[in-house]
1. About the Cα centre of the chain, how large is the charge dipole given +1 on each Lys and Arg Cβ and -1 on each Asp and Glu Cβ? Please answer in debye to the nearest 20.
2. Using a cut-off of 16 Å between alpha-carbon atoms, which aspartates and glutamates can reach LYS231, once sequence neighbours fewer than 8 places away in the same chain are excluded?
3. Expressed as a whole percentage, what fraction of the accessible surface of the chain belongs to carbon and sulfur atoms when a 1.4 Å probe is rolled over the protein heavy atoms?
4. Given a Förster radius of 41 Å and the C-beta distance between LYS309 and ASP71 as r, what FRET efficiency does 1/(1 + (r/R0)^6) yield to the nearest 0.05?
5. Would you mind computing, in nm to one decimal, how far apart the modelled labels at GLN209 and LYS17 are, each placed 7 Å from Cα along Cα→Cβ?
6. Whole-Hz Karplus ³J(HN,Hα) for region 291-302, in order, using 6.51 cos²θ - 1.76 cosθ + 1.60 and θ = phi - 60°, x for Gly and Pro?
7. For region 94-177, give the magnitude of the charge dipole about the Cα centre (Cβ charges: +1 Lys/Arg, -1 Asp/Glu; no others), in debye to the nearest 20.
8. Rounded to the nearest Å, what's the spacing between the alpha carbon centres of region 108-162 and region 298-326? Just the number, please.
Amino acid sequence: MTTENLDEIAKIIRGAKSVLIVTHTFPDGDALGSQLGLAHILKDMGKRVLLYGEDSISYLYEFLPCCTRIDSEVPNPDEVDCAIALDCGDRFRLGKAVDKLLEIKPFIAIDHHAGHKAFGDLRWVVEGRASTGDMVYELSQYLGATVSLDAAYCLYTAIVSDTGSFKYASTTPDTFRIAGELVARGVNPEEVAGKLFDNFTESRLQLLQAVLSTLELYGAGQLAIISATRKMFELTGADKADTETFINYPRSLATVKVAALIKEVDGAIGVSMRSKGRNHDVAEVARRFNGGGHRNAAGCKFRNGETLKEVRDLIFKELLALVENQ
């Protein structure tokens, strides 16, 4: 067990009567699963738990227990004894309320992203861990806390989401051990997999059809790029959240080492990148554009009026060099 800073974090949590738990904007399965999992754990310890999120919860994660408790209003600093940010690689991923959130003292950051940019008063960052969800589980064991079925359900979802169903290189024996212990607490893997991966709407399937029609391969088939335009969203009636997991389709091609999805959302251009194995670090590419993530899964956003084509050209150049230089 990695214990750096855990003594102090555990002491703060044990002494707190009320705790605010936050995560990054546009939260994914690891972010929400970790946030809600820790909420259940601390509630069972007798804490008053508040949850903050800037964005509404995607329908993809409405199955997570108590997700409706996440509030879009930041509490006053004197209402809570500490705040915990989960799965945030830097302070700006906390969103528009970042300054108000950081007024809460002490502010604790727990994260596993490579290139984490330190913020808050106390940090527990373990780069390369499979998910923040398994770190939250480790924290619960360090606290000697009970992990209820609801908490286990959320944490298992977090782990499955961020490991790509245990496919990514960050998956370790500890990942399977923790997942196994969560299953032993009553989690049904088939049920979680169905909620995460077998829940397409008709509009989502139509959007996927349109996006896959943009597939282009480069570098002897090692690089794949797909795009989701604003017009595609309008024609299909799909939501930005519907593109989640789309990146896995080009990545699944046998020859592909690196894949990218470029999409127009909310007046910005978002880029999701995935890679296979340990030789192609897409997080390094993302950091060049003020993004971040993991070696095999990373992303960034362009918010200064760039067109999809301009972003595509920038990303294409970097990713092609990545596959050709290996």
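The values are calculated or read from the model by the stated rules, or taken from the named source; none is laboratory data. Owing to the predicted nature of the structure, the values given are computational and were not obtained by experimental measurement. Positions of Cβ are backbone-derived with ideal geometry, glycine not excepted, and every protein chain shown enters the neighbour counts. Side chains are part of the model used for accessible areas, which takes the heavy atoms of the whole protein and leaves out ligands, DNA and RNA. Shrake-Rupley method; radii C 1.70, N 1.55, O 1.52, S 1.80 Å.
1. Here the chain has a charge dipole of around 520 debye.
2. ASP239, ASP242, GLU264, ASP266
3. Ligands and nucleic acids excluded, carbon and sulfur reach 48 percent.
4. Details: r = 39 Å, r/R0 = 0.95.
The pair LYS309/ASP71 has a calculated efficiency of 0.55.
5. Going by the 7 Å Cα→Cβ label model, 5.9 nm.
6. In residue order, the calculated couplings are x, x, x, 10, 3, 9, 8, 8, x, 7, 9, 10 Hz.
7. Working: 8 positive and 10 negative charges, 29 e Å.
The dipole of region 94-177 has a size of about 140 debye.
8. So the two Cα centres are separated by 30 Å.
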